[in-house]
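Step one of this worksheet: look at the structure below.
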Amino acid sequence: MSAQPAGSGQDERTGTLRHSISEVAELTGLTAHTLRWYERIGLLDPVNRTHGGRRLYSDGDLSRLDFLGRLRLTGMSVADMLRYIELVRQGTGTLDERRELLIAHRSEVRERIADLYATLAVLDHKIDLYAEQSGSSCTPGKETSA
């Protein structure tokens with residue numbers, strides 16, 4: 001059995017763990033301000049609250065935040081993330097649209113990765129040149145595998 005994060009409560013209706021905004025900020029690396037903004041603009045569904053008004057995030061919220069974080073890491077715009085979430089909310093009738101949106105984004109990510117590999121090759125070449133000029137035979141940090 002896994003341990004509950006400190007301060008978490010259990011939703012009596014669903015059994016879903018509930019997490020405070022500070023816990024979610026720590027788990028995701030997002031600020032509390034960003035979490036509130038994600039909710040305000042609609043990237044997150046309205047978050048449940050305690051009687052005192054404090055936000056309680058579910059495990060489902062954490063899963064969505066994890067996926068949104070990965071989309072952001074790959075350079076997806078907030079507008080495209082919102083479009084994706086809108087499609088999710090519309091249900092299974094939008095599966096093809098969601099798939100197409102992710103396929104297009106994957107293509108952009110692959111292009112960026114190719115650009116980064118090309119840039120890495122230029123950097124490796126330049127580092128090797130400097131090593132040769134300085135008489136050093138080793139290139140620290142250079143990996144031998146692709």
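Every number in this text was worked out from the coordinates using simple rules, so none of it is lab data. What you see is a predicted model; the values in this text were computed from it and never measured. All Cβ positions, glycine included, derive from the backbone under ideal geometry; neighbour counts span all protein chains shown.
Under a 5 Å amide H cut-off, with hydrogens placed 1.01 Å from N, residue 16 pairs with 11 among residues at least 5 apart or on other chains.
The HN-Hα couplings worked out from phi for the stretch 60-70 by the Karplus form 6.51 cos²θ - 1.76 cosθ + 1.60 (θ = phi - 60°) are x, 4, 5, 5, 5, 4, 4, 5, 4, x, 5 Hz, whole numbers, x standing for Gly and Pro. Fewest neighbouring Cβ atoms within 10 Å first, the residues 129, 56 line up as 129, 56. Packing, as the average of other Cβ atoms within 10 Å across residues, places the peptides 19-28, 72-81 in the order 19-28, 72-81, highest first. Full extension of the chain between residue 113 and residue 72 gives 13.3 nm of extra length, using 0.36 nm per residue less the Cα-Cα distance. Packing order of peptides 60-70, 86-96, highest average first: 60-70, 86-96 (average count of other Cβ atoms within 10 Å over each peptide's residues).
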